[in-house]
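The values are calculated or read from the model by the stated rules, or taken from the named source; none is laboratory data. As the structure is a prediction and not an experimental result, all values here were calculated from the model. Using ideal geometry, Cβ is built from the backbone for each residue, glycine included, and neighbour counts are taken over all protein chains shown.
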2 protein chains.
Amino acid sequence: MRKKSESPDAASQTARATLLLREMVIDGHFQPGEHIKEIPLSAKLGVSRIPLRLVLERLAHEGLLEIRPTRGFVVQQFSATDIYDAIDLRGVLEGTAARLASERLRDSRDLLPLQQSIEGMEALFQPRKLTLDAFTSYIDLNARFHASLLDLSHSRILRRAIKHACSLPFASPSAFLLKQHFLADSRQLFMIALEHHREILDAIANRESMRAETLAREHARLARRNLDSALQDRELLKSVRGVKLIEL
Amino acid sequence: MRKKSESPDAASQTARATLLLREMVIDGHFQPGEHIKEIPLSAKLGVSRIPLRLVLERLAHEGLLEIRPTRGFVVQQFSATDIYDAIDLRGVLEGTAARLASERLRDSRDLLPLQQSIEGMEALFQPRKLTLDAFTSYIDLNARFHASLLDLSHSRILRRAIKHACSLPFASPSAFLLKQHFLADSRQLFMIALEHHREILDAIANRESMRAETLAREHARLARRNLDSALQDRELLKSVRGVKLIEL
DNA sequence: ATCGGAGTGTTTGCATGCAATTCCGGCTTT
DNA sequence: AAAGCCGGAATTGCATGCAAACACTCCGAT
């Protein structure tokens, strides 16, 4: 009884269960601090305890669960400070990426991907009214900018560190980009983000490493501002991914 | 057939095998790039494949192994650049710890642990001749300084990031502290390190956050200098932990 | 009333064995 | 000769079942 005419997506049990359980934890199917019981959960997910154990271990490495030797796994809780710190940490790491990018730049043609994502964003803001599609594109272009910046740092080690830091649901560059913000008047923040991107590119192109680092750090702080406004609006807060893990 | 009158240390099979295999990989029992075969290895370690799988997964998260879905695990190789980057990354993160420490300092008595490790080091350098015991104490005091600095940052998130970054064998604060250096004339670097510690403490005490960050970053660069001199001396290089994983 | 400890039930830790996939050698085909 | 192809061997992925460790309760002793 295994992968035969089973679920169409499939891959491995472990891979499937990882996606499932990660979403469950982030969506708050467990209380923060709750002890996870393997047997009921394996029944619920439809996998046996062996792959489930691997999944739990993986999510613990991502920071969603805490591991207690011989006593299983517990769902993590995050304080507001944790979230601010996670955002700042990303700022520090992306600042390092920007600095290394400016220090290690060889050929200015390597800046093309950054340039393109900036141009893509500029095009999005041309029309007066912003659509939901534009929002989706924005998320994508934003992710591309950050990925290209990391590429330019030419550092596997930094890539690893950023991947790890962003595995927390609140830390990623798009964690607090909410469509409500985008569609409402408060598109100012998006324009400011775009301006940051331009300046970061400029700093790298001119090999102004300190300026590049500082700008990238400051850029991450936009996430704090989005978080702050979400924290003040009950309705808005609900659309924040992982909000159930936050201790308010 | 399980933990009965077995090995006296024990704990769990997984814990034992983790320690064993980690040392084996770092000591170069495998070629970088080599594919690890579960069955022979589980026989060699005396554990079954289930705990071994957990161990492999864990070492992959630490960065020693690369994971290839449905194709097992492969031993990582590191370039000289990777090592420099890992050291720099630690510098960046400890710089952040120092900055946060200075920004978040509440009570100057919290600085006592830093002060104590500095005084301990000063005592070590009083006698003319340095002993092997002194070297061991130095390693310990150094670790304590770095741990206390991290405590002062009051950031779980940063703690997590530093732990992850330092899980690579080359990145930890004591990775390139070699007893040969310590005992030879070149104890200058140790005095410089001590001076850095003093200045970092001073910056934190005065809430000079930028100075604290910059100093802690520069402090990490001492590891680069130790690495450089190790790279120029075949004999010395041999005593570097994990050297077999470095592509020269 | 509190503490210690035996007995019981629940949960984690692991070994075995089988299914499915990948790898690899030699073979056929063009 | 190069490319594809087939079949067996090696290897990973997983389910089951059992043993050890822990949590809990109840009882007796101080």
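When A:R58, A:R68, A:R53 are screened for being among the charged types (D, E, K, R) and more than 9 Å from chain B (Cβ to nearest Cβ), only A:R68 passes.
Residue pairs whose Cβ atoms lie under 8 Å apart, sitting 6 or more positions apart in sequence or on different chains, and linking a residue in the stretch B:235-247 that is among the acidic types (D, E) to a partner that is modelled with pLDDT of 90 or more and surrounded by fewer than 17 Cβ atoms within 10 Å (Cβ to Cβ), are B:E247/B:P32; B:E247/B:Q77; B:E247/B:S79; B:E247/B:A80. Residues in the stretch A:24-50 that are of a type in the set (S, T, Y) and either away from DNA strand C (no atom under 13 Å from the Cβ) or part of a helix (DSSP H, G or I) (or both): A:S42 only.
Out of curiosity, is B:H154 closer than 29 Å to A:A80 by Cα and surrounded by fewer than 20 Cβ atoms within 10 Å (Cβ to Cβ)? Judged against the criteria, B:H154 is a match.
Within 12 Å of DNA strand D (Cβ to nearest atom) and farther than 20 Å from B:R160 by Cβ - does that describe any residue in the stretch A:29-36? There is at least one residue in the stretch A:29-36 that is within 12 Å of DNA strand D (Cβ to nearest atom) and farther than 20 Å from B:R160 by Cβ.
For the stretch A:48-82, the tally of residues that are over 13 Å from B:R58 (Cα atoms) and over 18 Å from the mean Cα position of the chain (by Cα) stands at 14. Taken together, A:L152, A:L124 contain a single residue that is of a type in the set (A, V, I, L, M) and within 22 Å of B:D88 (Cα to Cα), which is A:L152. When each of B:R58, B:R53, B:R71, B:R49 is tested for being at pLDDT 95 or above and either exposed (fewer than 14 other Cβ atoms within 10 Å of the Cβ) or more than 27 Å from B:C166 (Cα to Cα) (or both), the lone residue that passes is B:R49.
Scanning the stretch B:182-195 for residues that are surrounded by fewer than 18 Cβ atoms within 10 Å (Cβ to Cβ) and either modelled with pLDDT of 95 or more or touching a strand residue (DSSP E or B) at 6+ places or on another chain (Cβ under 9 Å) (or both) yields one hit, B:E195.
The sole residue among A:A101, A:A97 that is within 14 Å of another protein chain (Cβ to nearest Cβ), touching a Lys or Arg at 6+ places or on another chain (Cβ under 9 Å) and buried (at least 23 other Cβ atoms within 10 Å of the Cβ) is A:A97. Checked against the criterion of being more than 26 Å from A:S239 (Cβ to Cβ), modelled with pLDDT of 95 or more and touching a Ser or Thr at 6+ places or on another chain (Cβ under 6 Å), the candidates A:R211, A:R207, A:R217, A:R198 yield just one match: A:R207. Within the stretch A:165-181, the set of residues being within 15 Å of the chain's Cα centre (by Cα), surrounded by fewer than 18 Cβ atoms within 10 Å (Cβ to Cβ) and either away from every other protein chain (no Cβ under 14 Å) or in a helix (DSSP H, G or I) (or both) comprises just one member, A:S174.
Could you go through the stretch A:15-28 and let me know if any residue there is among the polar types (S, T, N, Q), more than 14 Å from chain B (Cβ to nearest Cβ) and either under 25 Å from the mean Cα position of the chain (by Cα) or surrounded by 19 or more Cβ atoms within 10 Å (Cβ to Cβ) (or both). First the steps, then the outcome.
Filtering the stretch A:15-28 down to residues among the polar types (S, T, N, Q) leaves A:18.
Applying the additional criterion that residues be more than 14 Å from chain B (Cβ to nearest Cβ) yields none.
No.
Residues considered: B:A80, B:A86. Of these, the only one that is out of contact with any Pro (no Cβ under 6 Å at 6 or more places or on another chain), surrounded by fewer than 22 Cβ atoms within 10 Å (Cβ to Cβ) and within 14 Å of another protein chain (Cβ to nearest Cβ) is B:A80.
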